[in-house]
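Have a look at the structure below before the remarks.
The values are calculated or read from the model by the stated rules, or taken from the named source; none is laboratory data. All values derive from a computational prediction rather than experimental measurement. Positions of Cβ are backbone-derived with ideal geometry, glycine not excepted, and every protein chain shown enters the neighbour counts. In case anyone asks, the SASA skips ligands and DNA or RNA and just uses the protein heavy atoms, side chains included. Shrake-Rupley method; radii C 1.70, N 1.55, O 1.52, S 1.80 Å.
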Amino acid sequence: MVPLDLGPRSSDRLHLACGLAERFDAHLIGVAAREALPRHIYGHGSYINQDAVDYAAARLDQELAHVEAEFRRVCGPRERVEWRAARLAPMAFLTQQARAADLVVLSHYHDEGIEDWCAYIEPGEAILQLGRPVLIAPPGIKVLAARRIVVAWKDTREARRTLTDAIPFLKEADEVLLVEVADEDDGSARDVAQYLGRHGISCTPLRRSCSATGIAAQILGVARVEGADLVVAGAYGHSRMREMIFGSVTRSLLEQTSVCCLMSH
């Protein structure tokens, strides 16, 4: 599933999702949603002229039709495609529709324009709310080869969940690096390597000692040195309040990465 809008990032996201659907012989669902008159613009309890409401709704329908047309143009003759749209807030609609998806493809925004409706879908919140693995693509990424994958390993529920979600990607990879940032070896990485081996996936465990640069920087450093274009990581292993105060590996990965990240909670 890929949420789309009129913004320039939408095209990159759509090409990326189309490529993945082709590679995995998957059904591709495009979704688009926006409120005709967003509440943050007019406020609660405001009086709005009905003509203005009708005009905004008609214009939104035209915009949604334009996004759908672009979706179908890029998808071309593929038969296993589907379109869903609504006059709803983007995040609310995606949260509903994600029940029909194995994977949701999002973009990470550093800045956005008026046509970037999907910028209102905050990746961290989506990871927590959708109940599905989320693939977050940095700006400009249209293709994901995922031939070399870095798995950020820590023996937590979130990391275990994401590892299982990533198995279709891991099976297709030429090289999988299981990276653990820890001062002591708890043996869990060896267990995981054996687990992946039973799925026909060969991986190389790597352990890095903790340092002042931070866990996210070390993981991304391995990805950069090894030429990986996908990082697999469990997301938000601590409470959101704790992570708002002290920071988190998840947020650091999302802010610092120049490659795609596959995350689950």
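General remarks:
- Counting the residues of segment 185-230 that are among the acidic types (Asp, Glu), more than 18 Å from residue 159 (Cα to Cα) and part of a loop (DSSP other than H, G, I, E, B) gives 1.
- Selection count where residues are surrounded by fewer than 20 Cβ atoms within 10 Å (Cβ to Cβ) and either assigned to a helix (DSSP H, G or I) or of a type in the set (Phe, Trp, Tyr) (or both), scope segment 21-36: 3
- When residue 208 is tested against (1) under 16 Å from residue 250 (Cβ atoms); (2) at pLDDT below 95, just one condition goes unmet, and that condition is (1).
- Hits in segment 121-163 (condition: over 18 Å from residue 197 (Cα atoms), in a helix (DSSP H, G or I) and in contact with a strand residue (DSSP E or B) (Cβ under 8 Å, 6 or more places away or on another chain)): 123, 126, 127, 157, 158
- The residues listed here are 105, 74; of these, the one that is open to solvent by less than 40 Å² (accessible area, probe 1.4 Å) and assigned to a strand (DSSP E or B) is 105.
Residue-by-condition table, conditions (1) free of Cβ contacts under 8 Å to residues at least 60 places away in the same chain; (2) crowded, with 20+ Cβ neighbours inside 10 Å:
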residue: 87; (1), (2): yes, no
residue: 113; (1), (2): no, no
residue: 134; (1), (2): no, yes
residue: 174; (1), (2): yes, no
residue: 185; (1), (2): yes, no
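- Taken as a whole, the condition of being at pLDDT below 95, open to solvent by 80 Å² or more (accessible area, probe 1.4 Å) and of a type in the set (Phe, Trp, Tyr) applies to residue 120.
- Test for residue 173: is it under 20 Å from the mean Cα position of the chain (by Cα) and under 28 Å from residue 25 (Cα atoms): yes
- Single condition residue 227 does not satisfy, out of (1) surrounded by fewer than 17 Cβ atoms within 10 Å (Cβ to Cβ); (2) at pLDDT below 95; (3) closer than 19 Å to residue 142 by Cα: (2)
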